[in-house]
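**Q** The structure under discussion is supplied below as structure tokens; questions concerning it will follow.
The values are calculated or read from the model by the stated rules, or taken from the named source; none is laboratory data. Note that this is a predicted model, so its numbers are computed, not measured. Glycine also receives a Cβ, built like all others from the backbone with ideal geometry; neighbour counts cover every protein chain displayed.
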Amino acid sequence: MRVGDLVLNLFFPPVCVSCKEILPYTETAALCPLCRTRYEKEKSFHCPECHMPHPECNCAPKGLSRRTSQTIHLVEYVKEESASHDMIVYAKDHLYEYLFRFLASELYAVLAERLGELSEYLFTYVPRSREKSAARGVDQSKEVAKRLAKMADADFGSLLIHRDTVEQKHLSAEERKQNTKRSYDLREKSKDCIRGRHIIVYDDVITTGATLLACVSLLKQAGAADVTVLTFGKTYRGDQRSKTPIV
């Protein structure tokens, strides 16, 4: 444990981001032992589409699967109470160092297992809107992607920008698709470093895949050799919920 972290914990005791239990000041984890057990069980659930454990699943919306070599996620994202849900929600509103380290380390283990050596990849992320980043004081996907790149000894770049557009919730399916396309663009200075690179783009959750498809398309148009999508969670329709481990 780093000395600076230990001193900080003395004044601001760490908490479990799921149950909010106060943790020992020497703790460096984001979850208490009980919530960590719940989280490990959630990882062991199987994708209802391919029946593989979530960390081994490569299922993706059709449009996205045609543009990427792999679409990797760690757990199912559900709105009901779960340790995984609590971590994602907490990360959206708090710049909590232990949580971002934990998320990055969990994702790094899956990436290394699936892709092997990671140092040649260029890591980036789907940016949050400027309004939400300013209001919350954090862009959760950026924080995770930065730490992943550091763990992999790889390059990191803020390649994409988010343009403020109308809210999605009042739009039709086709209007949402068009609005998503208008919401993202490449940073002008990033175009030169994309060509020929193998890129890993991170977002916290994949739902319809429309946002990630828009971002992947931009990266491919700029000359990326390949794009891998990485998310912590993946949502499913109500009739396609994850099953417990197959024994």
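**Q** Report, by residue number, each residue of region 42-66 that is assigned to a helix (DSSP H, G or I) and either surrounded by fewer than 14 Cβ atoms within 10 Å (Cβ to Cβ) or among the polar types (S, T, N, Q) (or both).
**A** Glu56, Lys62, Ser65
**Q** Oh, and also: Being small (Gly, Ala, Ser) and at pLDDT below 95 is the filter; apply it to region 134-179 and report the residue that is nearest to the chain's Cα centre (by Cα).
**A** If we take residues in region 134-179 being small (Gly, Ala, Ser) and at pLDDT below 95, then Gly137 is nearest to the chain's Cα centre (by Cα).
**Q** Next up: Would you check which residues across region 112-133 are modelled with pLDDT under 90 and touching a strand residue (DSSP E or B) at 6+ places or on another chain (Cβ under 6 Å) and list them?
**A** Within region 112-133, just Ser129 meets the criteria.
**Q** Six or more apart or on different chains, Cβ under 6 Å: which pairs go from a residue in region 209-225 that's of a type in the set (Asp, Glu) to one that's at pLDDT below 95 and assigned to a helix (DSSP H, G or I)? Could you list them?
**A** Between residues of region 209-225 that are of a type in the set (Asp, Glu) and residues that are at pLDDT below 95 and assigned to a helix (DSSP H, G or I), there is no close pair.
**Q** Being closer than 24 Å to Leu219 by Cα and touching a Lys or Arg at 6+ places or on another chain (Cβ under 8 Å) narrows it down to one of Arg114, Arg101, Arg67, so name that one.
**A** Of the residues listed, the single one that is closer than 24 Å to Leu219 by Cα and touching a Lys or Arg at 6+ places or on another chain (Cβ under 8 Å) is Arg67.
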